Amino acid sequence: MAIHTNAPILETVGLRKSYGAHEVLKGLDLSLDRGEVVALIGPSGSGKSTFIRCLNMLEMPTGGTLRFRQKEVHPGFRDKGEQIGIGTLRRHVGMVFQHFNLFPHKTVLQNVTEGPITVCKTPRKEAEERAMHLLGQVGLSEKHAAYPNHLSGGQKQRVAIARALAMQPEALLLDEVTSALDPELVGEVLAVIRKLAEDGMTMAIVTHEMAFAADVANRVLFLDQGVIAEEGSPDQVILNPQNPRLQGFVARFHG
Amino acid sequence: MTYHWDFQSIWPFWDLFLWGLWISIVYTVGSIVAGILIGFLTCAARLSGWTVLNIIARVYQEVFRCTPLLVQLLWFYYAFPLLVGGSIDNRVAGMLTLSLYVGAFYAEIFRGGIVSIDRGQREAAAAIGMSPWQSMTRIVLPQALKRMLPSFINQSVIQFKNTSLVSVISVADLAYMAAVVNGQTYRPLESYTVMAGLYIAMLLPLTQAADWIERRLRVSD
Ligand SMILES: Nc1ncnc2c1ncn2[C@@H]1O[C@H](COP(=O)(O)OP(=O)(O)OP(=O)(O)O)[C@@H](O)[C@H]1O
Ligand SMILES: [Mg+2]
């Protein structure tokens, strides 16, 4: 199982986000520790995507603080004094999207090497070796020369995971990464994520797959109307919910 | 009525046609190069967050897209000098107007190509730590350029034809030379048919190439 120390990789304090007058996140506190897997669940529109996208500042918080390894993140691209910039944050915190967002003009291998070569200035040969190794891990070595449009959804998402891993991130953010997949392709992607969790990757996962969340997460957060309405172990939150809205939410998934 | 074609009588003037054609090419290529630069800057202004730049760029685009090129040429040659005092060389006025005209259209083509790229592409680039510049040059532009290529070629073909209008301010392009030959020989049918043939000879390969590129791009998508 995961090595679980108490140094938080990502931390939010009173994180808020408003779109105009509409406040979507109403002061969220999260501490994502090294080796920990946190699942975010909640009804549609509760702010799960907004929150996870605030964690790498794809969405700019309108209040509160975000810390990466105890250092405050400020909204500029470059580091500034004690504070770290968005560029540094994103170099160390990967993200996988619901709709894959692979680069269609690049091959599978180029998709995976793009970050290391362009952002980290890793020598091409080294980047390619690491990429081939990662593609092997997600079971796609033989597809390295293919273009994304020739892949199935499940294959695309596995390439997207390899692309994020190629940056050797300290944490991964996953936003409903199986929601755009045909049901028979969900399993292959979940298997890759489960393996990452076993290997100790720190992850925040937004998901509607309750069984998967219960299985893979150390901690589950139930987000409702912009606040964390319940938080605890999978046993507490998913199998034995207290909050009536959470009971209703979980009941729907058990059919 | 049968017309008696007589290309013999305009043959002595072949060098005028060639010279005119050369001038047309120079004005086309020159205004396209300048137009790309103008279009690029205008597009950057439109996509920047600066309201003032944005408004200036839009006003420029709408003025040049909503007036006929002929009107613009006449204005720059006859009216503009009165505004600033002095006179303007007809070749300068011609090149300037053609460049500003095509630049306004290029800007719209560039902008359309860039905004047509899915937002997820920029987000994926950002998520692996790319700067906005890296994301634009390595991820967005390569895809956008491919998409805008057919419209770009199309606009450039139109630009070649549009250069013929500079003849109204006495720039000695192909259309102007055809009129000169006609004046010398009183052979309008031959003079203007040769002119038309030369335009076709120049543009047919271009339109064919554009069609071919468009088909190729569709296959690779
Ligand atoms: N760019 C935006 N502008 C305005 N409102 C937005 C924007 N993005 C999200 N919202 C609003 O914020 C709220 C939370 O949206 P969010 O996408 O975070 O929910 P979610 O929990 O991820 O839902 P789902 O399960 O459907 O993905 C919604 O009410 C949504 O309409
Ligand atoms: Mg969402």
Expressed as a whole number, the average count of other chain Cβ atoms within 10 Å around the Cβ atoms of B:128-139 is 6
Between B:Y186 and B:C66, the FRET efficiency computed from the C-beta separation at R0 = 41 Å comes out, to the nearest 0.05, as 0.55
Counting sequence-distant residues (5 or more places) and residues on other chains, those with an amide H built under 5 Å from that of A:E36 are A:M203
Give the ranking of B:E190, A:E59, A:E128, A:E198 by solvent-accessible surface, highest area first, calculated with a 1.4 Å probe. A:E198, A:E128, A:E59, B:E190
Mind checking how much accessible area A and B bury in total, 1.4 Å probe, in Å² rounded to 100? 1700 Å²
Multiply the residue separation of B:R119 and B:A196 by 0.36 nm, subtract the distance between their alpha-carbon atoms, and state the gained length in nm to one decimal. 23.2 nm
Note on chain B: alpha-carbon gyration tensor, axes a ≥ b ≥ c; rule is a/c under 1.5 for rounded, else prolate if a/b larger than b/c, else oblate; result oblate
Proximal charge balance of B:T28 [Cβ under 10 Å; K/R count +1, D/E count -1]: 0
Give the Rg (one decimal place) followed by the Dmax (whole number) of chain A, computed from C-alpha coordinates and expressed in Å. 18.1, 55
Sort B:S191, B:S167 by heavy-atom solvent-accessible area, probe 1.4 angstrom, most to least. B:S167, B:S191
Could you give the angle, 0 to 90 degrees to the nearest 10, between helix B:174-185's Cα long axis and the longest principal axis of the Cα atoms of chain B? 0 degrees
Would you kindly state how much longer the chain becomes between A:D235 and A:S44 on full extension, computed as 0.36 nm times their sequence separation minus their alpha carbon distance, in nm to one decimal? 66.5 nm
What is the Cα convex hull volume of the protein assembly as shown when expressed per residue in Å³? 227 Å³
Amide H partners (placed H, <5 Å) of A:T122, local residues excluded: A:I117
What are the ³J(HN,Hα) values, in whole Hz, obtained from phi via the Karplus relation 6.51 cos²θ - 1.76 cosθ + 1.60 with θ = phi - 60°, for each residue of the stretch B:130-139 in sequence order, with x given for Gly and Pro? 5, 6, x, 5, 4, 4, 5, 7, 9, 10
Residues with beta-carbon under 13 Å from that of A:K195, excluding A:K195: net charge, scoring Lys, Arg +1 and Asp, Glu -1? -2
For A:Q83, distant residues with modelled amide H under 5 Å away: none
Tell me, what is the 1.4 Å probe accessible area of B:I25, in Å² to the nearest 10? 50 Å²
Give me the inter-chain shielding for B:115-124: mean count of other chain Cβ atoms within 10 Å, whole number please. 4
With x for Gly and Pro, the residue-by-residue ³J(HN,Hα) of the stretch A:69-83, computed from phi through the Karplus equation 6.51 cos²θ - 1.76 cosθ + 1.60 at θ = phi - 60° and given in whole Hz, is 6, 6, 9, 5, 9, 10, x, x, 6, 8, 5, 9, x, 6, 7
When you look at the Cβ of every residue in A:113-121, what mean number of other chain Cβ atoms sits within 10 Å? 4
What value, in deg cm²/dmol to 500, does the helix sum -39500 (n - 2.57) over DSSP H runs of n ≥ 4 give at 222 nm once divided by the residues of chain B? -25000 deg cm²/dmol
Among beta bridges that DSSP assigns inside the protein assembly as shown, antiparallel share in %, nearest 5: 55 percent
Rounded to the nearest percent, how much of the accessible area of the stretch B:7-220 (1.4 Å probe, protein heavy atoms only) is carbon and sulfur? 70 percent
How far apart, in nm, are the 7 Å Cα→Cβ label points at B:L53 and A:Q83? 2.3 nm
Per-residue HN-Hα couplings for the stretch B:206-215 [Karplus 6.51, -1.76, 1.60; θ = phi - 60°; Hz; x = Gly/Pro]: 5, 5, 5, 4, 4, 4, 5, 4, 4, 5
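The values are calculated or read from the model by the stated rules, or taken from the named source; none is laboratory data. These figures come from a predicted structure and were not determined experimentally. Note that each Cβ is placed from the backbone with ideal geometry, even for glycine, and that neighbours are counted across all protein chains shown. The accessibility values were calculated without ligands, DNA or RNA, using every heavy atom of the protein model including side chains. Shrake-Rupley method; radii C 1.70, N 1.55, O 1.52, S 1.80 Å.
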